[in-house]
């Protein structure tokens with residue numbers, strides 16, 4: 001039924017859970033995993049920032065975020081391949097994380113999104129926000145939430 005899982009990860013404290021649980025699920029289903037990392041855009045320059053300095057900062061930011069995304073995807077890929085699960089990885093740079101996840105699921109023809117959540121409750125969501133809740137509200141692709 002589900003053959004291609006999109007698993008958004010960010011290298012944070014929920015990443016290990018998302019990796020191990022989605023790999024176990026993919027093995028049970030005979031599915032492949034497409035890992036997806038969303039890195040933030042470079043913040044806009046402050047008033048008075050010189051264009052040359054900003055472009056240098058942008059280059060550093062892009063290098064740092066690309067390296068981080070590739071490191072997370074590499075670790076995930078090694079785990080998946082060791083478990084015999086077909087794996088591919090993608091990353092994007094945007095501040096619209098929820099939209100990037102839902103768009104990737106459609107563009108990559110995934111039939112399920114698997115996300116880990118802190119489960120902070122209503123107050124925590126108000127304070128920190130919830131990408132999982134927003135993806136659930138926006139996505140037409142089924143979402144499995146790991147708690």
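The values are calculated or read from the model by the stated rules, or taken from the named source; none is laboratory data. These numbers were taken from a predicted model, which means no experiment stands behind them. No Cβ is skipped: glycine too gets one built from the backbone with ideal geometry, and neighbour counts run over all protein chains shown.
To keep it simple, each residue is scored yes or no on (1) under 17 Å from residue 71 (Cα atoms); (2) over 17 Å from the mean Cα position of the chain (by Cα); (3) surrounded by fewer than 16 Cβ atoms within 10 Å (Cβ to Cβ).
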{"site": "9", "(1), (2), (3)": "yes, no, no"}
{"site": "12", "(1), (2), (3)": "yes, no, yes"}
{"site": "30", "(1), (2), (3)": "no, yes, yes"}
{"site": "34", "(1), (2), (3)": "yes, no, no"}
{"site": "38", "(1), (2), (3)": "yes, no, no"}
{"site": "47", "(1), (2), (3)": "no, yes, yes"}
Go through (1) outside any strand (DSSP E or B); (2) closer than 19 Å to residue 146 by Cβ and name the single condition residue 36 misses.
(1)
Taking the criterion of being under 13 Å from the mean Cα position of the chain (by Cα), assigned to a loop (DSSP other than H, G, I, E, B) and modelled with pLDDT under 95, would at least one residue in the stretch 131-139 satisfy it?
no
Taking the residues in the stretch 80-101 that are surrounded by fewer than 17 Cβ atoms within 10 Å (Cβ to Cβ) and assigned to a helix (DSSP H, G or I) as candidates, determine which candidate is farthest from the chain's Cα centre (by Cα).
82
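Please state which one of 81, 147, 64 is within 16 Å of residue 16 (Cα to Cα) and modelled with pLDDT of 90 or more. Let's see the steps before the verdict.
On the way: 147 fails: modelled with pLDDT of 90 or more; 64 fails: within 16 Å of residue 16 (Cα to Cα).
One residue alone meets the criteria, 81.
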Which listed residue, of 47, 52, 72, is at pLDDT below 95 and in a helix (DSSP H, G or I):
52
Residue check, residue 66 against (1) surrounded by 19 or more Cβ atoms within 10 Å (Cβ to Cβ); (2) more than 24 Å from residue 2 (Cα to Cα), all met but one. Which one?
(1)
